Amino acid sequence: MTYNHIPVMLEEVIQGLNLQKGKNYIDCTLGGAGYTLKIAQNIGDGKVLGIDLDTKAIKNAEEKIKKSKIKNIILTHDNFKNLSQIVKKNFKQEWIKNIGGIIFDLGLSSAQLEDRSRGFSFLVDAALIMNFNQEAEENKTADYILNNYSEKELAEIFEKYGEERFAKRIARGIEEQKQISPIKTTFQLVEIIKKVVPKKFHYAKIHPATKVFQALRISVNDELTNLLLVLKDSLALLPSGSRLAVVSFHSLEDRLVKNFFRQEAKDCICPPSYPACRCQHKARLKILTKKIIQPTEQEVESNPRSRSAKLRVAEKI
Ligand SMILES: C[S@@+](CC[C@H](N)C(=O)[O-])C[C@H]1O[C@@H](n2cnc3c(N)ncnc32)[C@H](O)[C@@H]1O
């Protein structure tokens, strides 16, 4: 099985996690298993739990683990939004108390982007699925959203999750096409976008369909909701001194992580207008990346997909 994905900022992530021999780690976004394998090789008899929603990622990792004869990796096909249940179902309290860190590498892998059966890329003609989970319900596909949501709802999705300036025009174009026939493929969607977006934007730095595809993917997979849920879960699971590391690829994700880290690094989160603290909030994180970490020029040159990556790391107090 070929599953292409080059791990992004691998060295920086490993350093950020500050791996300790004998500790356990959780990779919530297994993907091509780049981080999982590297962590497993550097923690002695500690264990790594690798989670992914994509059955192909799990299968690929199983093959790699078998070939490399590494024994300290446990794989689970699940949504990371269920992190605390997954951990409690699979491990005893001693394992949990011994967690050294949790890592997220958000978004999708190169293998998923290139997979013709998924519809993640506007450069490949494919059915509009865009779900990380091949076993998801029927109404959890981009095709379902496009053909069943109203023009207003679609415009909101493109604005909220894509920050797309032509959201309303694109939603109108989709609505008009739906009156003729349903939208089923990526290239059909790209054609609609190109028809309604002014020509001068067709040759801008990014492809005119980029933001709509991002918005649909975020919406199909409830990405931002799940991320906030799992950050809260992670904080509850992590023992004092352990690390939380997140690699994000667009501003919506990064903003959410930044705000979460900032809020959890504060002792009081009352509005500034309150004369005295009423919230009793206590800081639970120490931010270790005051300046976010980004890939080096060499990495971007050898792996252009890494160019928008941002790494944030915090330590549980
Ligand atoms: C960028 S890739 C990870 C690459 C990995 N770090 C590596 O080194 O190969 C992101 C992975 O996260 C998975 N994923 C995204 N959202 C998820 C979720 N809510 N639960 C579990 N896995 C998820 C995707 O299926 C994808 O395989």
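The values are calculated or read from the model by the stated rules, or taken from the named source; none is laboratory data. Worth saying up front: this structure is predicted, and the values here are computed from it rather than measured. We place every Cβ from the backbone using ideal geometry, glycine too, and count neighbours over all the protein chains shown. Heavy atoms of the whole protein, side chains included, go into the accessibility calculation; ligands, DNA and RNA do not. Shrake-Rupley method; radii C 1.70, N 1.55, O 1.52, S 1.80 Å.
Net charge in the neighbourhood of Gly31 (other residues with Cβ under 9 Å of its Cβ; Lys, Arg +1, Asp, Glu -1) is -4. Per residue, the range 250-296 exposes 68 Å² of solvent-accessible protein surface, assessed with a 1.4 angstrom probe and all protein chains in place.
Would you mind classifying the range 140-223 by shape? Square roots of the alpha carbon gyration tensor eigenvalues, ordered a ≥ b ≥ c; an a/c under 1.5 is rounded, otherwise it is prolate if a/b is larger than b/c and oblate if not. Oblate shape, in that a/c is at least 1.5 and b/c is the bigger or equal ratio. Compared with the alpha-carbon gap, the fully stretched path from Glu138 to Ser110 is longer by 7.7 nm at 0.36 nm per residue.
Listed values for the range 296-308 are Karplus-derived 3J(HN,Hα) couplings in whole Hz (6.51 cos²θ - 1.76 cosθ + 1.60, θ = phi - 60°), namely 6, 4, 4, 5, 4, 5, 7, 9, x, 5, 7, 4, 9, and x replaces Gly and Pro.
Computed over the chain, the per-residue total of -39500 (n - 2.57) for DSSP H runs of n ≥ 4 gives a 222 nm mean residue ellipticity of -12500 deg cm²/dmol, rounded to 500. Taking the accessible area of the range 1-111, probe 1.4 Å, and keeping the other protein chains in place, the carbon and sulfur fraction comes to 48%.
Excluding same-chain neighbours fewer than eight residues apart, the aspartates and glutamates reachable from Lys97 by a Cα-Cα span under 18 Å are Asp27, Asp45, Asp233, Glu315. Computed over protein heavy atoms with a 1.4 Å probe, the carbon and sulfur contribution to the accessible area of the range 180-273 reaches 57%.
Say the cut-off is 20 Å between C-alpha atoms; which of Lys232/Lys286; Lys88/Lys232; Lys199/Lys310; Lys21/Lys316 go over it? Where the Cα-Cα span goes over 20 Å, the pairs concerned are Lys199/Lys310.
Per residue, the solvent-accessible area of the range 193-238 (1.4 Å probe, heavy atoms of protein chains only, all protein chains present) comes to 47 Å². Within 10 Å, at most 16 other Cβ atoms, and a DSSP state outside H, G, I, E, B define an exposed site. Report the longest part of the chain free of exposed GluC sites (Glu not before Pro). Counting at most 16 other Cβ atoms within 10 Å as exposed, the longest clean stretch of the chain is 164-317. Shape call for the range 26-97 from the C-alpha gyration tensor, a ≥ b ≥ c root eigenvalues: rounded (a/c under 1.5), prolate (a/b greater than b/c) or oblate? Judged from the Cα gyration tensor, the range 26-97 comes out oblate (a/c at least 1.5, b/c at or above a/b). Counting only aspartates and glutamates at least 8 places from Lys59 when in the same chain, those with an alpha carbon closer than 14 Å to its own are Asp78.
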